[in-house]
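**Student:** Structure provided below as structure tokens; questions to follow.
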Amino acid sequence: MARAREKWNSRASFLFAAIGSAVGLGNIWRFPYITYKNGGGAFLIPYAIALITAGIPLMILEYYVGHFTQSSPPIAFKKFWHKAEWAGWFAILLVFVLSTYYCTIMAWCANYFFHSFSLGWGSTAESVNSFFNNNILQLSGSPSILGGIRIPILLGLAATWIWIYLSLFKGVETLGKIVYFTVTIPWLIIIAMVVRGLTLPGAMEGIKFYLIPDFRVLLDPKVWLAAYGQVFFTLSLAMGALIVYASYLHEESDITVNAFLVGFADSATSFIAGFAVFSILGYLAQTLGVSVADVTNSSIGLAFVTYPMAISLLPVAARLFAALFFLLLLTLGIDSAFSMAEPVVESIADKWGLSKKHVLPIVCMLGFLAGLPFTTEAGLYWIDIIDNFITNYGITAIGLIECILIGYVLGAKKARSYINQVSEIKIGIWWDIFIKYITPFFLGISLVTQFIKLIMGIVKENKGYGGYPVWTTYTGFGLIIILAAASAVLAKRKGAV
Ligand code: TRP
């Protein structure tokens, strides 16, 4: 028996949910440091080009897949080609693994939130570093030394999954109301942080550092890859989340306008959040009497080391801003996190005709258990390694498959005429060209260059991804292969439809 499909209760609910999924931890720490590392203001050019040539076209494609098929990814893909179901499951397993470590990072944020009230990390470079590595993570010496499970992180992880469960168990209609809060609260906090940041002495030095363009970088292919990677990550593409959200749209709902709005809102959030981050780093540099380049620490450390230190040194209300910052990360992250769990639940329920009420607690429980390795003393290393394989190889592969499925198997023209029927802004033949040639071209290049770089590292220096031992890279690849095989098994199982 086919289940009645849930629906959003308004257009705004869908928009907020889609923006909530896109806007997440990726905007506040990933975007600023990627921009800074790849030419500052000049990076906005490849970013905008990546957004237009891959981000928006693929987002339109995914909305189309959900809207047209009214199904979760495995069944949706199957409707285009009977052998494509496994690709839908592959996307679902990827987003499941992503949720396990994304929630662990949320657990770190929750711990920091509680320490905000005492500014537990202190205000010197040494104390903040040691707080992150020793108090929070108890980081072991290498990925092979797991040590024990960190109880505070474990508690944070459990709380995050309970939060996800509570957000989802009442169904899509309630979810459509929750997202009004989880989207607007972070925006209000970002505005407060930007105002606070820009009025600090030294702020302009930080902003210059963030935005002064170094146009030479545009000749470096690495920068272009970084732009495409960031666009894919930040828009939650190629993981089934958008397909599932779009499948709850009413038949007459718009596709293209929604895609443009979400793409714009997400990019604007990243750009503005950069001001909050870099203005305060400028202040930190001035307070310490060093240059901005010397206070920034790229990657995860930005949110958990450098930024907390800068907050500790604020002249007034440091505790308040510390708490606000981690509340910001938590509220930004939660709607991304539940948009990772929802596709998994929906796909299982969809295929086997089960009630989501029964599937949801099981998925939350499994997500929690699968996240346990990340709560160990080697958790940080494993998040770094697994994330590299999931986001760089997994997302790219699914993006490629989607382009082939819609661009060639179905025919881009057919999809476009459906999209234009329901949408206010009509898309032209350019969309076909992107989906058939340009987007797959960039995805293909990205897949091949990263693979070659990795192999070269192993052969030449006997080092795996990120300089970790080679066996960790094999583990990462092994995981991708296991997920692909498991997807094939799931696709083979008989379902209810
Ligand atoms: N866009 C999210 C962020 O910026 C992260 C993300 C990547 C995601 N892929 C996803 C979220 C898939 C939901 C579903 O934090």
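The values are calculated or read from the model by the stated rules, or taken from the named source; none is laboratory data. None of these values were measured; they are calculated from a predicted model. Virtual Cβ from ideal backbone geometry, glycine too; neighbours counted across all protein chains shown. Accessible surface areas use protein heavy atoms only, side chains included; no ligands, DNA or RNA. Shrake-Rupley method; radii C 1.70, N 1.55, O 1.52, S 1.80 Å.
**Student:** Does at least one position in region 454-465 carry a residue that is without any contact (Cβ under 8 Å) to a residue 60 or more places away in the chain and of a type in the set (Phe, Trp, Tyr)?
**Tutor:** no
**Student:** Name the pairs: first residue in region 334-354 and more than 20 Å from Gln70 (Cβ to Cβ), second residue near the ligand (Cβ under 9 Å from one of its atoms) and part of a loop (DSSP other than H, G, I, E, B), Cβ to Cβ under 6 Å, at least 6 apart or on different chains?
**Tutor:** Close Cβ pairs (under 6 Å, with a partner that is near the ligand (Cβ under 9 Å from one of its atoms) and part of a loop (DSSP other than H, G, I, E, B)) amount to Ser336/Gly24.
**Student:** Hey, can you tell me all the residues within region 301-340 that are among the β-branched types (Val, Ile, Thr) and within 13 Å of the ligand (Cβ to nearest atom)? Step through it out loud before you land on a result.
**Tutor:** Kept after step one, since they are among the β-branched types (Val, Ile, Thr), are these residues of region 301-340: 305-306, 311, 316, 331, 334.
Of everything in region 301-340, those that are among the β-branched types (Val, Ile, Thr) and within 13 Å of the ligand (Cβ to nearest atom) turn out to be Thr331, Ile334.
Residue-wise test of (1) modelled with pLDDT under 95; (2) open to solvent by less than 10 Å² (accessible area, probe 1.4 Å); (3) touching a strand residue (DSSP E or B) at 6+ places or on another chain (Cβ under 6 Å).
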| site | (1), (2), (3) |
| --- | --- |
| Phe278 | yes, yes, no |
| Ile300 | yes, no, no |
| Ala318 | no, no, no |
| Phe321 | no, no, no |
| Ser336 | no, yes, no |
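One line per residue, one yes/no per condition, for (1) open to solvent by 10 Å² or more (accessible area, probe 1.4 Å); (2) assigned to a helix (DSSP H, G or I); (3) modelled with pLDDT under 95; (4) away from the ligand (no atom under 16 Å from the Cβ):
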residue: Met1; (1), (2), (3), (4): yes, no, yes, yes
residue: Trp8; (1), (2), (3), (4): no, no, no, yes
residue: Phe14; (1), (2), (3), (4): no, yes, no, no
residue: Gly20; (1), (2), (3), (4): no, yes, no, no
residue: Gly26; (1), (2), (3), (4): no, yes, yes, no
residue: Phe31; (1), (2), (3), (4): no, yes, yes, no
residue: Ile34; (1), (2), (3), (4): yes, yes, yes, no
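**Student:** Just name the residue that is surrounded by the most Cβ atoms within 10 Å (Cβ to Cβ) out of those in region 220-243 that are over 16 Å from the mean Cα position of the chain (by Cα) and more than 25 Å from Glu205 (Cα to Cα). Break it down stepwise before answering.
**Tutor:** Let us first name the residues in region 220-243 that are over 16 Å from the mean Cα position of the chain (by Cα), namely 220-225.
Filter again for more than 25 Å from Glu205 (Cα to Cα), leaving 220-222, 224-225.
On the way: Asp220: 13, Pro221: 10, Lys222: 12, Trp224: 22, Leu225: 20.
So, considering only residues that are over 16 Å from the mean Cα position of the chain (by Cα) and more than 25 Å from Glu205 (Cα to Cα), the one surrounded by the most Cβ atoms within 10 Å (Cβ to Cβ) is Trp224.
**Student:** Another question, then. Please identify the pairs in which a residue from region 236-251 that is hydroxyl-bearing (Ser, Thr, Tyr) has its Cβ atom under 6 Å from the Cβ atom of a residue that is more than 8 Å from the ligand (Cβ to nearest atom) and open to solvent by 10 Å² or more (accessible area, probe 1.4 Å), counting only partners at least 6 apart or on another chain.
**Tutor:** If the second residue must be more than 8 Å from the ligand (Cβ to nearest atom) and open to solvent by 10 Å² or more (accessible area, probe 1.4 Å), the pairs left are Ser247/Gln70; Tyr248/Glu6; Tyr248/Lys7.
**Student:** Given the criterion part of a helix (DSSP H, G or I), out of contact with any Leu (no Cβ under 7 Å at 6 or more places or on another chain), away from the ligand (no atom under 16 Å from the Cβ) and not polar (S, T, N, Q), identify the matching residue among Pro343, Pro361.
**Tutor:** Answer to the selection: Pro361.
**Student:** Please indicate, with yes or no, whether at least one residue in region 262-274 is among the acidic types (Asp, Glu), more than 20 Å from the chain's Cα centre (by Cα) and either open to solvent by 10 Å² or more (accessible area, probe 1.4 Å) or closer than 28 Å to Ala227 by Cβ (or both).
**Tutor:** no
**Student:** With the requirement that a residue be open to solvent by 70 Å² or more (accessible area, probe 1.4 Å), over 26 Å from the mean Cα position of the chain (by Cα) and not charged (D, E, K, R), what does region 119-140 give you?
**Tutor:** Thr124, Asn134, Asn135
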